[in-house]
Structures are given as C-alpha cells and as structure tokens.
1. Calculate the spin-label point distance for ASN239 paired with ALA422, positioning each point 7 Å from the Cα along the beta-carbon direction, and give it in nanometres.
2. With θ taken as phi - 60° and the coefficients 6.51, -1.76 and 1.60, list the Karplus ³J(HN,Hα) couplings across region 94-101 in order, rounded to whole Hz; mark glycine and proline as x.
3. Hey, if you put +1 on the Cβ of every Lys and Arg and -1 on every Asp and Glu Cβ in region 1-99, which of VAL75, CYS9, GLY46 ends up farthest toward the positive end of that dipole?
4. Taking LYS253 as the anchor, which lysines have their alpha carbon closer than 18 Å to its alpha carbon, excluding any fewer than eight residues away along the same chain?
5. Under 20 Å from a point 7 Å along the Cα-to-Cβ line of TRP413: which residues of region 452-491 have their amide N that close?
6. Go ahead and run the numbers for FRET between SER393 and LYS197, Cβ-Cβ distance against an R0 of 60 Å, rounding to 0.05.
7. Which parts of region 138-178 would a label at SER12 reach, counting a residue when its backbone N lies under 17 Å from a point 7 Å out along Cα-to-Cβ?
8. Averaged per residue, what accessible area in Å² does the chain show with a 1.4 Å probe, protein chains only?
Amino acid sequence: NNGPTSRECWYSGWDVNCDTDTQWPQTGETKTYNFELTEQNLSPDGHERPMMVINGQYPGPTIEANWGDTISVTVKNSLQDNGTSIHWHGFRQYHTNTQDGTNGITECALAPGASRTYTFVASQFGTSWYHSHYSMQYANGVVGPIVIHGPASANYDIELDPIALTDWFYEDAFPLYTDASHAQGPPTANNTLVAGKMVAPSGGSGGEYYVAKLTPGKKHLVRFVNTGINNYFHVGLDNHKMQVVGADFVPIKPYTTDSIVIGVGQRYDVIIDADQSVDNYWLRIGTGNGGQGDASTFCDGPNANEGNVKAIFRYNGAADSNPSTDGTLPTGCYDETSTTPIVSTDVPNGLPKDFEVTFTPADASGNVVQWLVNNSAININWDKPTLQYVEDSQTSYPSSDNVYEINVAAGDWTYWVLHQDASNPPLPHPIHLHGHDFWVLAQGDGTFDGTLNLTNPTRRDTATLPAGGHLVLAFPADNPGAWLMHCHIPFHISGGLGLQFLERKDDILSTVGSLSAFDDECKKWDAYE
C-alpha cells in the first residue's frame, strides 16, 4: 500500500507503472461538489477589483479525489451578464466528451440562472486545475486547483496544498483583451499571485505572502500549477533542491534541479527535502523574460512586479518573519526537458510527409490582431456546438470552427506538425489538447527537419510551440469526440489560435450516452440569448 517508503504503490496491485490511458481503478466512490459563480469585489494582493469567483473565494475550492473516483460537480451560473462552462483541464474524459466543459464545442454556454452537473472519472492521477472556458472569463477569477491522489515515482513524507500561480491584472479581462487585440504586444500585468496571495506592488499597500510550512527532516510533495494568462514562471526555493516527479498528469523518472519553468496550463509535482537549518526561505517566482531588456523582446508578457514575487517556506519552529535568504532564477520561455515518462511508449513511425498546421498572425489593416491556424481564426458559436452537428448528422461545419476530422481506425496514431510562420511575433505558445495526452516527437527552433524522437518521448497535455519554431505531436485516435487544441494564453485563443479535432465522429453518439442534458442546456442558452 501507498506510504512514505512505498509511494510507487497505490493498492491492490495498482501502481505508478500503470498506463492510465488503458487502465485505472474502479473505486465506486463519488466525490461531489457544488459551485456557484458570482461577481464580487476581492483584493488578492491588497488592490480591490471586481472579480468573477466560485463560492465567493479565489482561487475556487480545491477538488480532491483518489485515482479512479468519480467526480461530480454541479455548477450554478449566477453571473449577471455572462454565460459559462467549466473545463477540467487535462482530464481524459474517456467516452465522456459532453463533460469536457468547452462551450461552443461540447456544450452550449450555461446561461445565467441555469445549472448543470458535470460527471467524469479521475482516470489519471496527479495535479491539475479547472477553469471557465468562456472567452476571457477565467482571467477574472473562475479557476481552482485539482488534486487526484495516487502513486508517485519517488518517496515523500508529507503532501502540501497545491500552489497556483498567475499573472494578475487590475483591469477587467474583457476590455483588457479588446485593448490587447489592437496592440502590437502583450499587456503588462500588475502583479503575480501565489495561491491567490501576494503583497501589493511597489507604491501599493496591503496583501500578504503565501506561507507554506515545512517539517524539519521530512520530504514534502509540492504541486505547482500555472493558472496564468501570459507568463511563463520560473520557480525555485532558496537553498533547496527540487526533485521533479510529475509533469501534467504523467509520472516521470525523478530528476533533481534548482528550479523549474512552468508554461500556462502546465503542472509539476516536486519533492522538497527540508534538510536545511530551521528558518524561513523565499520561494522565488520569476517570469520568462525576467524583466530584462526591452519589452519588445520579451518572450512573454511584461509584469510590473517582476523581481518581487515570492512566497515563504517556513520550517516549523522558525520565527514568523520574512526570510533573509538570497537566490536567483533563470529566464526564458521553454519546457522542462528531462520529463521522461515512467510508462514507456514507443510511438510508431507513421508521420505523413505532407501535412502541417501553421500558426500565423494577421493584422487586419492595423485594426485587430488575430492568430490564424492554416489561415483561419477559430470563432466558435456558443449556441450551436460541434456536438450538435454530430447529433443532427450534419457534416458541413462553418469554416471558422476550424474542424479537422480524424477518420481512422480506433487506436490508430495521428501525427501533427505545428509551425510558426516566420512573420510571427517572437512569442512561444503553450499548446493544450483536450481529451488526450500527446507525445512530443520534435520541438525546437526554425522549421521541422523531419527528425523524430519515437522512443519513449515526453508525454503530457500542454507543451510549448517555440517562438518561430515547430512542435510535432502524436496521439492515438482512441477517444471519440470533439476535442479542442489551442494556445492556452487567453488573449491568443480569443484571437483565433485554436482548432478542434472531430475524432471518429461515427462513434461519438454511441460512447457519450444520453444527450438530453446537452439539449436542455442549449434550449436554456437559446432562450437567454
């Protein structure tokens, strides 16, 4: 059984070596939550601003379950003027495409005053988060952490609360996006929040540092989630090493490092050994650009509080005071490279020679900046989601839905080459796929040269398309549904940087079950609209 000296085990033969794409425990347990979305004024860093929150708090409640549990979340939309949907980031949603929470694709938007229940199985284990998938809404506060307890690839004694990181803007996200879509660079964040807290930037007042407690002589599992908007985050704890054991929902071969870098939507599980003297230590958080150089050269958005974002890791027995430790962080917007999966997969060499997806920015005569996928900016319709076309046996989709059909045999591998056009601004894009993990076969600067890593490559659900570079992904067509793939920077997906895979459309209706709740939600949205 799972314990401090046997974390690779779970119970009854289930362990870290199980391939969660094909097997998971059937616990018979259901974890139930009730969420209500409302508008409130909150002050995460001492600066009050209007927010959209879940159950009156930010971040929203942490969802906790065990590997193999069923999760049931009833969401009531009490927002005045916004629809919503809640996406459960990274969850495979095997044969539960209607529960993915992607309005305009897997459901209509949830109308103000309406409720719906999402029910799905935690077939993976590790760390993730949930968030609104309604335009820019999650940047206003509709987010929260998820912890699925399971085995790990190294031993630890104590598990700490998850730590969500986000760049933070004082302006409402919707007009902020409007401003950004008419600008030639990303907007400047006012601050960065650590687990929903931070002291005010220079010139402000209020707020507080997040404090985590360490037990001397013990190893602690710490879960980091980038729930942000623009920024990559470098994270390191002064005078301590990190042993990295999980990337997204994938257990990896442990490696030790001084710091990690986390793209938007990515998660890392690390083990920190409290082997230093009893004291207070700064956890340092820096952006990808590190605030260095001219903003036009930044690889992510500027942050007005760069260099001052920290949290306190306090040993039990230490004084309640700020640390006096020193430390530095690297810079850059890239992925961790030592993320070798515990479950080894050799990907078949079946890459087509003539297919690629090119991401290109378009400046419509100086009026609005869009991000195009093969010359088309995605612009879905909240009142006619893609599953409605499947239900009605329609196969003619609006061109702006960016639908790519995957019509192959069940389990056949599909391969996707993503390029950034040479004219693009020098910005990386954290690419997230719904409904699947993918395997990263190639990733780098410039044009893809045909060289693939097919032997146990990195596996995850969010990976970086480098600035001016390429990203080659593969995944098997083993989960029928309509699945979004998109840049997880809200400004970019709102500007068109996304596409959807309609995977084995003839098998969707037989796997998702009744569509009565789907139809009812659409009727309520139509009435509201």
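The values are calculated or read from the model by the stated rules, or taken from the named source; none is laboratory data. Small disclaimer: the values here were computed from a predicted structure and weren't measured. Every residue, glycine among them, receives a Cβ derived from its backbone with ideal geometry; neighbour counts consider all protein chains shown. Surface accessibility is based on the protein's heavy atoms, side chains included, excluding ligands, DNA and RNA. Shrake-Rupley method; radii C 1.70, N 1.55, O 1.52, S 1.80 Å.
1. For the pair ALA422/ASN239, the computed spacing is 5.2 nm.
2. 5, 6, 10, 4, 5, 9, 6, x
3. VAL75
4. Cα-Cα hits under 18 Å: LYS219, LYS241.
5. In region 452-491, the label zone of TRP413 (backbone N under 20 Å from the point 7 Å along Cα→Cβ) covers 452-464, 470-480.
6. On the way: r = 51 Å, r/R0 = 0.85.
The formula returns an efficiency of 0.75 here.
7. Inside the label zone: 149-151.
8. Working: 18950 Å² over 529 residues.
About 36 Å² of surface per residue is accessible.
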